[in-house]
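Undergrad: Mind having a look at this structure? Questions to follow.
The values are calculated or read from the model by the stated rules, or taken from the named source; none is laboratory data. Since the structure is predicted, the reported quantities are computational estimates derived from the model, not experimental observations. Every residue, glycine among them, receives a Cβ derived from its backbone with ideal geometry; neighbour counts consider all protein chains shown.
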Amino acid sequence: MKCPGCGTQIQFTDPSKSGYIPYSVYEKRLSNGDEILCQRCFRAKHYGKLEPVEVDDNFVEQVKKALSRVKTVLWVVDITDFEGSFDPDISQILRDHDKIMIVNKIDLIPKAVSLDEMRDWILKQMGSETPDEVHLISAVKGFGIRLLQESLEARGGNFLVVGATNVGKSSLVSKLCMSETTVTAFPGTTLGILKRRIQSSNSYLYDTPGIKTGRRIIDLLDPRCQKELTPTDHLSRKTFKPKKSSSVLFIGGLCHIVIEFEGKSPIFQVFAPSAVKFHETSQLKYKSFLRKHYGKLLTPPCESSQPPFESIEWQKVSFELQQGEELSIAGLGWISVRRGPFVVEICVPSGITVRKRAGLINPYRDKRRYEK
């Protein structure tokens, strides 16, 4: 027997695999004549929750089959975690398809940054990636939704929504669509998808599960801790001016940086979710401090969440940073340089994306604050 929601063979043994349903639940629904959905599709249909998936060959093939049956794909990214959500694997999957880039959470960026500046910065970050359209939105506050709706109405047809976990896909779909949902699978796939009709339209959105890229710190955390690390109304902004070279700054327990400089002390700001805890210390003390306070004083990770400290394989990368540049740590936040130059050695779990980039937050607007 196959699940009518996703097309996967029903099974009773492995909750971590598709098609699973507890046998007692299966028997009860069968005897009552109720629809028998697998556990994942049941949660999607009745709670509007699609369980995240990993990027693997099976997922790629299923998305490609789904893409062949829609006109356009909506690729949702998070401007507060651009490097983490503008993922090369997703880009490769969508390479040959018409796509609209939807940049969410712009309300979390400081108001001094204009929409034109955001758009120019985003286009530079995308490089050779050239979507048909770019829409700047706040799905939570509704900003930019009307213009996006008008664009979808003008295009017509159906749309597939794709994006990493925690980028706000569900909020976007809820804003665009009517309340009723169904779980479906395109022919030839076993990928659970939420089908919803766009308001005042005969077109549908097909919302795919969020993708765990494995390149973001948030991907290493359990769902509870991920929720705490997903900003909803603001980002914290902390300013640092190290007095001594070789000082260490913890940005949670899964990222720390050693700051090296000569001459004037550097000045930089760290933008991160409010749940991220910071701590400055010396190189002499930082190792013992990390082991003692990992997941407690130093969050993320949240206490009792994965990964265990002993299981982490660390990577170290050095960058020379100039005024106006930023250093992005995928799934955590970014460092914005207000006065430089200086060198940082950043230590994060192996595989996490760390990238130097042109500044989104322009340091010259408030230069006078840092001249003394």
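Undergrad: Of the numbered conditions (1) under 17 Å from Gly84 (Cα atoms); (2) at pLDDT 90 or above; (3) surrounded by fewer than 22 Cβ atoms within 10 Å (Cβ to Cβ), Lys243 fails exactly one; give the number of that condition.
TA: Only one criterion is unmet by Lys243, namely (1).
Undergrad: Continuing with the same structure: Quick one: count up the residues across the stretch 204-224 that are closer than 18 Å to Ala330 by Cβ and among the hydroxyl-bearing types (Ser, Thr, Tyr).
TA: Final tally of qualifying residues: 1.
Undergrad: Name the strands (runs of 3 or more DSSP E) wholly within the stretch 218-304 that hold at least 2 residues that are within 29 Å of the chain's Cα centre (by Cα), within 28 Å of Lys111 (Cα to Cα) and of a type outside the set (Asp, Glu)?
TA: 236-240, 247-251, 267-272, 278-282
Undergrad: I've got another one for you. Checking the condition surrounded by fewer than 16 Cβ atoms within 10 Å (Cβ to Cβ), basic (Lys, Arg) and either closer than 30 Å to Val354 by Cβ or touching a helix residue (DSSP H, G or I) at 6+ places or on another chain (Cβ under 6 Å) (or both), which residue from Lys175, Lys212, Lys238 passes?
TA: Lys238
Undergrad: Could you tell me which of the residues Asp233, Asp222 is under 30 Å from Asp56 (Cβ atoms) and surrounded by fewer than 17 Cβ atoms within 10 Å (Cβ to Cβ)?
TA: Exactly one of Asp233, Asp222 is under 30 Å from Asp56 (Cβ atoms) and surrounded by fewer than 17 Cβ atoms within 10 Å (Cβ to Cβ), namely Asp222.
Undergrad: Exactly one condition in (1) over 20 Å from Asn166 (Cα atoms); (2) surrounded by 17 or more Cβ atoms within 10 Å (Cβ to Cβ); (3) touching a strand residue (DSSP E or B) at 6+ places or on another chain (Cβ under 7 Å) is not met by Val317; state its number.
TA: (2)
Undergrad: From Gly168, Gly163, which residue is touching a helix residue (DSSP H, G or I) at 6+ places or on another chain (Cβ under 6 Å) and surrounded by 14 or more Cβ atoms within 10 Å (Cβ to Cβ)?
TA: From the options Gly168, Gly163, the qualifying one is Gly163.
Undergrad: Taking Leu148 as meeting all but one of (1) modelled with pLDDT of 95 or more; (2) in the same structural domain as Leu360 (by TED's automatic domain parsing); (3) not in a strand (DSSP E or B), write down the number of the exception.
TA: Looking at each condition in turn, Leu148 falls short on (2).
Undergrad: Then there is this: Return the pair list, or none, for Cβ contacts closer than 8 Å from residues in the stretch 325-352 that are farther than 23 Å from Gln283 by Cα and surrounded by fewer than 23 Cβ atoms within 10 Å (Cβ to Cβ) to residues that are modelled with pLDDT of 95 or more and of a type in the set (Ser, Thr, Tyr), at least 6 apart or on different chains.
TA: Glu326/Ser336; Arg338/Thr239
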